[in-house]
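Right, one structure below, let's go through it.
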C-alpha cells in the first residue's frame, strides 16, 4: 500500500526539519508480524517559494523526498491541491510544516487499520495539541455519527493533520476550495459528511503532534469563513439543524459568560492576594523601620558606648595574650 504524505510550507526554517525527520523515521512492519503488507511512503513537499532557510534544509533530504515543488501560490489550499495532483498513493495524508508524526510507527499502525477495514474511505485519529506557552494535551475527536453536530459548534470535531484520505475521495468530492483562506478544509469536511455513500471511521490512536497557533488561530476570519460555509451547506439549512445551530450559538454565549465569570472571580482572588501581600509588606517594612530606629538609638546611647569599649578591651587583652604565647 502506498501512502502519499504531503507537507506544504513557506518560511518554515524553525520547524520543517523535525517534520521531515518524523516522516523519514517511520518504520515498516517486521517479518515476525502477524500482519503482512508492503508499505510504501511517497513524500511530497510543496513550498511557497520560501525566502528563509527552508529550502536549504529540505535540500539535505532530497534523496529521501520523492517530489519537491517550490513556486508561488495563492495560499495553503492551492499548495495542498498541488500536492494532491502530484500524489500517486492510494491514501493521502497532510502533515503541516510545524507538526510532526507522533511516533515512529504511526504509518505502520494506520496501514494495518486500512488493510483490515478496506470498506472505509476516510480514517481519522487523535492528536496531541501543543500550545505556544508550552502546555500540551491529547485530544480525541467525536465519533463519526456525532461529527456533523460537533462541526456546528466548531467543538470536538477532528482536524486535517489527524486524517487519512482515500485518494479517490478528491475525484469524488473535488479538491479544497481556494476561495477560502483559513477554513477550506472545514468546507471540504462539510462535503464529506453530506455524502451518505462515504464510509468514515475513527482510529483510536494518536496520529500527530499538532501545533496550535497557526492560521486557524485567527479567530475572527476563521469564524467569518466557517459561518459563511455553514450557511451554504444544505444539511444545515434544514429546520431541525437551524434549531441546533441556534442552540449551539446560545450555548457558546453561555460558555463564554461562564468563562468571563470564572476569569473575573480569579481576577478578584488575585487582587485580594496582591492586596494582602502588599499589606504584609507594609507591616514587615514597619517592623524593619522600628528595629532600625531601635538599633540607631542603641548606638547613640551610653550603654552602647561602654559596651563597645568593653569589646575593644577584650580584643586587646586577647591580642596581648596571643603575643606572649
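Assorted remarks:
- Selection count, the stretch 39-62, where residues are on the phi < 0 side of the Ramachandran plot and part of a loop (DSSP other than H, G, I, E, B): 9
- When the helices (runs of 4 or more DSSP H) confined to the stretch 113-205 are screened for residues that are modelled with pLDDT of 85 or more and surrounded by fewer than 15 Cβ atoms within 10 Å (Cβ to Cβ), those reaching at least 2 such residues are found at 168-173.
- Within the span defined as the stretch 178-190, one or more residues are free of Cβ contacts under 8 Å to residues at least 60 places away in the same chain, out of contact with any strand residue (DSSP E or B) (no Cβ under 7 Å at 6 or more places or on another chain) and over 20 Å from residue 74 (Cα atoms).
- For the stretch 81-107, filtering for residues that are part of a loop (DSSP other than H, G, I, E, B) and more than 20 Å from the chain's Cα centre (by Cα) leaves 5.
The values are calculated or read from the model by the stated rules, or taken from the named source; none is laboratory data. Bear in mind that the values here come from a model prediction, so they are computed numbers and not experimental data. With ideal geometry, Cβ positions are generated from the backbone for all residues, glycine too; neighbour counts draw on all protein chains shown.
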